[in-house]
Amino acid sequence: MSERKSAGQAPVVVYDNVRKLYGDFVALDGITVQVNKGEVMCLIGPSGSGKSTLLRCTNALETIDGGRVLIDGVPLPTDERQARKVRQRMGMVFQNFELFPHKNALDNVAIGPVTVLGMSEAKARERAMKLLEKVGLASKALNFPNGLSGGQQQRVAIARALAMEPEVMLFDEPTSALDPETIGEVLNVMKKLADEGMTMVVVTHEMAFARSVADWVVVFDHGKVVEQGPPRQIFEAPHAERTRDFLGHLGWQG
Ligand code: ADP
Ligand code: MG
């Protein structure tokens, strides 16, 4: 793995032989992967292969049945109160935005720091406005979610996650629910975050994004890592037959 650009950077999240069961069903089968500081790691693979499950195991929304997940070298706590603390250090962005429908964009971004971090309302709103500017939505600060396009709602959701000053951002198919014409604006915001050095784990079907923005790509199939490597390897010279099959299925051509 000497090709890895971030080699030498501290690992932020380490998955060490992670196993996750749902009853008898093995959802994750010996996942060993790590994301280093300042790195963008993309998780790709067919639907049902375990990508979302791994993200949920990262912020202790799920418990694991074997192996370890280490955050900054410390195993995820099993105690819910401790787990909540760890979760606060991770920003999570979902497919369906999950904004508060009865709050405007500004309040959606400001509320976390007020209620969770105990920040003053004035300070939280000032920071929220800066974050909305950052995602290109200063002019929509007073809009409610139903007055925003999907792409705009997702950018508010990203600003909301950033308001908690996370150490790592987790994205689960952030553009899958969007109209094609708004996908680009969300990917651009994500690229900007990556350029600023944010550590990111991104589940995506946007192969062009993974190819150009990821530092490291992990290919999942049936709860296992089929192959992992730099995007050049995965997209241009995949080692595994199943990587080729998956990319071919999506119509990816180098
Ligand atoms: P992906 O995100 O790659 O599409 P998931 O991680 O959502 O896949 O799911 C992996 C597998 O685990 C799927 O077969 C799914 O049906 C199963 N699974 C996920 N969550 C649950 C759950 N809460 N209970 C039972 N099975 C689940
Ligand atoms: Mg999923």
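The values are calculated or read from the model by the stated rules, or taken from the named source; none is laboratory data. Just so we're clear, the structure is a prediction, and the values are computed from it rather than from any experiment. Only protein heavy atoms, including side chains, enter the accessible area calculation; ligands, DNA and RNA are left aside. Shrake-Rupley method; radii C 1.70, N 1.55, O 1.52, S 1.80 Å.
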- Query: What is the Cα centroid distance between the range 182-254 and the range 54-131, reported in whole angstrom?
  - Reply: 24
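Taking 8 Å as the Cα distance limit and 6 or more residues as the minimum spacing, I'd like the relative contact order of the range 64-128 as a percentage. Walk me through the numbers before you get to the answer.
Numbers: 27 pairs, mean separation 11.7, N = 65.
Relative contact order comes out at 18 percent.
In whole percent, and with a 1.4 Å probe on the protein chains, what portion of the accessible area of the chain is carbon and sulfur? Numbers along the way, then the final one.
Numbers: 5860 of 11860 Å².
On the chain, the fraction of accessible area on carbon and sulfur atoms equals 49 percent.
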- Query: How large is ³J(HN,Hα) for each residue in the range 223-236, as worked out from phi by the Karplus curve 6.51 cos²θ - 1.76 cosθ + 1.60 (θ = phi - 60°), to whole Hz, x for Gly and Pro?
  - Reply: x, 10, 7, 6, 6, 9, x, x, x, 4, 5, 4, 8, 10
- Message: Suppose only helical runs count, i.e. DSSP H with n ≥ 4. What mean residue ellipticity at 222 nm does that imply for the chain under -39500 (n - 2.57) per run, divided by all residues and rounded to the nearest 500 deg cm²/dmol?
- Response: -11000 deg cm²/dmol
- Task: Find the accessible area per residue for the range 100-254; the probe is 1.4 Å, ligands and nucleic acids are left out, and the unit is Å².
- Result: 45
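Below 8 Å, C-alpha to C-alpha, sequence gap of six or more: please give me the relative contact order for the chain in percent. Let's see the in-between values first.
On the way: 485 pairs, mean separation 64.7, N = 254.
Once normalised by length, the contact order is 25 percent.
Any of Lys37/Lys85; Lys130/Lys191; Lys51/Lys140 with alpha carbons more than 27 Å apart? Name them for me.
Numbers: Lys37/Lys85 20 Å; Lys130/Lys191 18 Å; Lys51/Lys140 33 Å.
Pairs exceeding the cut-off: Lys51/Lys140.
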